[in-house]
Structures are given as structure tokens and as C-alpha cells.
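The values are calculated or read from the model by the stated rules, or taken from the named source; none is laboratory data. A quick note: this is a predicted structure, and the numbers were derived from the prediction, not measured. Cβ: placed from backbone, ideal geometry, glycine included. Neighbour counts: every protein chain shown.
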Amino acid sequence: MAVPLGWIMLRLRGPYFAIGMLGLSRIAEKVAFAWESVTDGGRGLYLPPVLDLRTVYWAVALVTALLVGLTWLLDNSRFGLTLLAIREDEGGADNLGINTTRAKLQAFVVSVFFPGVLGGIYAWHVSYIDPVTAFATQVDLTAIVAVLLGGAGTVWGPLVGGVTLSLLAEFLWARFPFVHTGLFGGLVIVTVLFLPKGLVDAFRRCGWMAPGRTFLRRLAAREVALQPAPGTP
């Protein structure tokens with residue numbers, strides 16, 4: 001489904017794309033409610049219970065490791081450089097001959113596949129799935145906040161942001177059960193305002209993490225090395 005939908009939606013840019021994707025999620029929820037022969041409508045689907053939760057944990061750990069490894073490969077590849085050029089200046093990349101729609105569609109398909117796998121693991125874990133849970137707006141917003149909190153455009157940012165967000169939410173819920181939602185939202189806003197590049201960038205500036213070595217940095221270093229020394233004819 002990511003191929004035809006992405007081919008249409010990725011022609012939108014900026015806030016129009018975000019609004020379009022949010023509307024598409026709401027349409028999918030209505031379809032899931034109406035398609036009772038497949039989803040059982042609002043009643044949802046009951047699945048066989050998982051007897052050993054360690055299997056679920058290992059499955060999630062495996063998908064997480066694959067995601068981090070794939071992100072690192074993309075970050076250090078020519079395709080990653082193409083995506084970086086599109087992010088910085090899509091119009092300029094288009095003028096240079098890059099098929100921006102095709103590149104974005106490829107990234108879109110890859111980014112959709114693993115959340116689909118994790119959604120299946122989640123349904124397997126809770127032994128129940130319904131349209132409200134599957135298309136909850138909170139899930140969409142949490143994913144965006146996790147990336148912003150960890151650091152967008154970095155390999156470790158989504159992982160760091162997701163773990164930090166989960167631990168923070170559980171801590172506030174346990175200590176302040178009546179106001180935890182407001183406190184959680186306030187802390188996220190403060191973090192985004194004062195750490196616009198995320199926690200990973202803050203860790204690097206503090207020397208707690210090594211600077212990332214992206215393909216672009218290595219390419220720049222290579223170009224510098226190929227430059228003739230001063231005074232050389």
C-alpha cells in the first residue's frame with residue numbers, strides 16, 4: 001500500500017504533506033471500521049494469547065537492531081546523500097537531475113515496512129487489535145516527538161528519543177498519576193525549545209558521544225584531501 005499511496009502523497013510538500021498523511025490515517029480508520037468482514041469492525045480481532053513474553057521481547061529487539069543497522073547503512077550510502085540533498089533543498093536537488101519523487105517513495109516504502117512489522121508484533125503481544133488502537137493519533141504524535149527529542153537526521157536519535165520518552169512517561173505516570181500528562185507535555189516542549197537538535201546533539205557537544213561519520217562528512221574529507229597543497233602548481 002505504501003507504493004501507490006506514497007506516489008500520490010509525496011507530491012505534497014511541507015505542512016500539506018503532514019496534513020494529508022493525518023487525513024489519510026483517519027480515512028484508513030473509517031475503512032477499518034466499515035470493513036467488518038476483515039477487521040470485525042469496532043469489535044476488533046482477538047488473537048491467540050502469547051504464553052512466553054520473552055519471544056515478543058526478542059522479536060522487538062531483532063527488529064530494532066535491524067532498523068538501527070539499516071539506518072546506519074542509509075546514512076553512509078549514496079542514497080542517504082541523495083535524501084540529505086532533498087531535505088536541504090528539494091528544488092535544487094530536482095534541478096540537479098535527482099528524481100526526488102522516486103527517492104522519497106523509496107524511503108517511504110522502507111520506513112513503512114518496519115512499523116508494519118512492529119504493529120503485527122504489538123497485536124500478537126496484546127492478543128487483540130481494533131481500529132481505534134491501530135490508528136490512534138497519539139501513536140503518530142509520539143513517534144514524531146520521539147524523533148525530535150532524540151535528534152532528527154541522526155542514526156541514534158530515534159532510538160535515544162524513544163527510550164527516553166518511554167521511561168519519562170512511565171516515571172511521571174507512577175509519581176504523578178493525576179497530572180502526568182501535563183507534566184509530560186511540558187517537559188517535551190521545554191526539551192524541543194532548548195534542545196532543537198535533540199539529545200544526541202547535546203550528548204555530542206558534551207563529549208558523551210562520538211561525532212557521527214556520515215557519507216557527506218567522509219566525502220567532504222576526501223575532497224579536502226584531493227585539494228593541492230598551497231603553492232603547488
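Tabulated data for the structure shown
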item	result
Criterion: over 25 Å from W156 (Cα atoms) and assigned to a helix (DSSP H, G or I) - qualifying residue of G42, G69	G42
Of all residues making up segment 189-198, the number that are in a helix (DSSP H, G or I), surrounded by 13 or more Cβ atoms within 10 Å (Cβ to Cβ) and over 17 Å from the mean Cα position of the chain (by Cα)	1
Test: residue in segment 81-95 that is acidic (D, E) and either in contact with a Phe, Trp or Tyr (Cβ under 7 Å, 6 or more places away or on another chain) or touching a residue at least 60 places away in the same chain (Cβ under 8 Å) (or both)	yes
Criterion (of a type in the set (A, V, I, L, M), farther than 20 Å from L105 by Cα, surrounded by 11 or more Cβ atoms within 10 Å (Cβ to Cβ) and under 24 Å from the mean Cα position of the chain (by Cα)) met by exactly one of A32, A65, A28, A2	A32
Selection within segment 97-124 - without any contact (Cβ under 8 Å) to a residue 40 or more places away in the chain and within 27 Å of Y57 (Cβ to Cβ)	S111, P115, G116, G119, G120, Y122
Residue check, R13 farther than 20 Å from P115 by Cα, among the basic types (K, R) and modelled with pLDDT under 90	yes
The one condition in (1) surrounded by 17 or more Cβ atoms within 10 Å (Cβ to Cβ); (2) at pLDDT 75 or above; (3) not in a helix (DSSP H, G or I) that D201 fails to fulfil	(3)
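Conditions (1) assigned to a helix (DSSP H, G or I); (2) free of Cβ contacts under 8 Å to residues at least 40 places away in the same chain; (3) within 20 Å of Y128 (Cα to Cα); (4) among the charged types (D, E, K, R), marked per residue:
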position: I8; (1), (2), (3), (4): yes, yes, no, no
position: R11; (1), (2), (3), (4): no, no, no, yes
position: Y16; (1), (2), (3), (4): yes, yes, no, no
position: G20; (1), (2), (3), (4): yes, yes, no, no
position: L24; (1), (2), (3), (4): yes, yes, no, no
position: A28; (1), (2), (3), (4): yes, no, yes, no
position: F33; (1), (2), (3), (4): yes, no, yes, no
position: P48; (1), (2), (3), (4): no, no, yes, no
